[in-house]
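A.B. asks: Here it is, the structure in full.
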Amino acid sequence: MGVAGPFPDYAARPPGPVLDRDEADRALARLGAEHEAIETSLLALQDHAGRRLLEGADLSGVTRERWASTEQAITLLWGYFDAYTGALARARSVRARRRHPNRDDLVALTDLLRGQSVTVAHAAARPDPSIAGPARLSERFTLEELVARMNELYARSLDMVVASDSVWSALPARIDLLAAELHRTRSLAHSVGVRPGEHPAGDELEAITQELATLRVQVVSDPLAFWLSGPGSSAPGGGRPDTARYDRAARALDDVRREIEAVLAVRQDAEQRLVQLRDVLSRADRTLAEARTARGEVLAKIAATEVPAVSGPATALQERLVAASEYRRHAQWHRLSPLLETLEREAEEELLRARESLTAVTAPLAVRAELRGRLDAYKAKVARHGLAEDPLLIERYDAARRMLWSAPCDLRVAGQAVLRYQEAAAELLSQRGTPGSEDRR
């Protein structure tokens, strides 16, 4: 049930002349309207769901302290209202004496409506001095002062009730929903072997479970500890629930759920990924074997060349691949998931290293093949220009060819021989008027 707004301010006039009949009637009508508004607000506060929850709750912390003060304030509010009601009844009684009140009646009405005519006794329930000022047995008010005091107490009481109710309306339900999601995630995690003490995600789920249980107990018993007042807001209930701890738990659960989903994905495609891993490692082993064969060939055919060594097969990766197969066979998905990711990355790196090793080992053979191709290309060129029978070219061609087609081949000396043949060919071509600038190196 909603709570009505603050009580209307008492629009009293400063002390002055005695009221006439019309002024007194207008004042009584205004007081009657104010009385109805005040009564409506107090009844709404009395029926407020947050107030009823506060009455029956086992409170702690700042909420317990403020509720004790608020209960006194609400009790005092009803005492003030009763006094206000009595003052209004007395004023109406004086006005009802005569249709046309005499001066004594008007003086009495003026005193009731403008003077300190309301006395409130505190003998039955002595309020906290912070609520009603210094403790006294009774207080005297004008109607304007009494309404102002009720407005102040009402605003403070309503603020406390609305703030508590807002926290209780927002957080416990959200915590319960998150706890239900947590329960489903824990069941799913258990099905794939993610348990506390065996997997970090299992430990995280346990920590989230404890945090949500603690958070719910604290929210229910001390809601005001989770209330953030709005900056610069003086309206009752101005602010919002503090959801920082709930938000952290929700984010942590999202992270764990994604990790569990990754483990589930591993369970679904583990066999395919293991087959792919075996294929990658097999290709790496074949490439390394090819590199070792090529290295022996290079050492036999190429002289005066540094040939890099070739590493052996990746036995460590093969052993870990066997372990991954065992994890799959025993449905240990939480162990298989991180191992597969590591193996896939390292297997690709191993294949890349094998290819680089083969390239480095066969580089001298590639250089020899390039020199052979260049020599034959120049021979064909000079033949097209009718210089194939030139003695100098024949001599230099034969010298370069013997070096390139003999074993072991000295690439440095052979390269110089090819260069000498190129230079001789270029010189003869230039003498015959054939552009040969492109033949010069």
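A.B. asks: For the chain, state what percent of all Cα-Cα pairs lands in each successive 10 Å bin, counting from 0 Å until the bin that includes the largest distance.
C.D. replies: Cα pair-distance distribution for the chain, in percent: 4, 13, 12, 10, 9, 8, 7, 7, 7, 6, 6, 5, 4, 2, 1, 0.
A.B. asks: At 7 Å along Cα-to-Cβ for each site, give me the label-to-label distance between SER282 and ARG240 in nm.
C.D. replies: That separation, rounded to one decimal, is 5.9 nm.
A.B. asks: Could you give the accessible area per residue of the chain, probe 1.4 Å, as a whole number in Å²? Could you put the intermediate results ahead of the total?
C.D. replies: On the way: 23370 Å² over 441 residues.
That works out to 53 Å² for each residue.
A.B. asks: OK, next. Work out which GluC sites (Glu not before Pro) in the chain are exposed loop sites (DSSP not H, G, I, E or B, at most 14 other Cβ within 10 Å) and give the longest gap free of them. It would help to have the intermediate numbers written out before the result.
C.D. replies: On the way: sites that count: GLU198, GLU306, GLU389.
Longest run free of exposed loop sites: 1-197.
A.B. asks: Given the options GLN272, GLN318, GLN332, state which has the largest fluctuation in a GNM of the chain using a 10 Å cut-off (strictly under) for Cα springs.
C.D. replies: GLN272
A.B. asks: A further question on this structure: Relative to the first principal axis of the alpha-carbon coordinates of the chain, what is the inclination of helix 143-191, with its axis defined by its Cα atoms, in degrees from 0 to 90 and to the nearest 10?
C.D. replies: Roughly 30 degrees, rounded to the nearest 10.
A.B. asks: Helix-only estimate, please: 222 nm mean residue ellipticity of the chain, summing -39500 (n - 2.57) across DSSP H runs of length 4 or more and dividing by its residues, to the nearest 500.
C.D. replies: Numbers: 12 runs with 317 residues, N = 441.
Result for the chain: -25500 deg cm²/dmol, rounded to the nearest 500.
A.B. asks: Sticking with this one: The range 268-411: Rg/Rh from Cα coordinates, Kirkwood Rh? All intermediate terms of the calculation are to be shown ahead of the outcome.
C.D. replies: Details: Rg = 24.1 Å, Rh = 18.7 Å.
Answer for the range 268-411: 1.29.
A.B. asks: What nm value, rounded to one decimal, do you get for the distance between THR85 and ASP58 when each label is placed 7 Å out toward the C-beta?
C.D. replies: Output for this residue pair reads 3.6 nm.
A.B. asks: Another one. I'd like the carbon and sulfur percentage of the solvent accessible area for the range 25-109, probe radius 1.4 Å, heavy atoms only, ligands and nucleic acids excluded. Walk me through the intermediate numbers first.
C.D. replies: Numbers: 2190 of 4400 Å².
Here it works out to 50 percent.
A.B. asks: If you don't mind, another one. Counting residues in the range 177-248 as N, plug N into 2.2 N^0.38 Å and put the Cα Rg over that result. Each step should come with its number before you reach the end.
C.D. replies: On the way: Rg = 16.7 Å, N = 72, 2.2 N^0.38 = 11.2 Å.
Computed over Cα atoms of the range 177-248, the ratio equals 1.49.
The values are calculated or read from the model by the stated rules, or taken from the named source; none is laboratory data. Quick caveat, the model's predicted, so the values are computed rather than measured. Here Cβ is always computed from backbone atoms with ideal geometry, including for glycine, and neighbour counts include all displayed protein chains. Just so you know, the surface numbers come from the protein's heavy atoms only, side chains and all, with ligands and any DNA or RNA stripped out. Shrake-Rupley method; radii C 1.70, N 1.55, O 1.52, S 1.80 Å.
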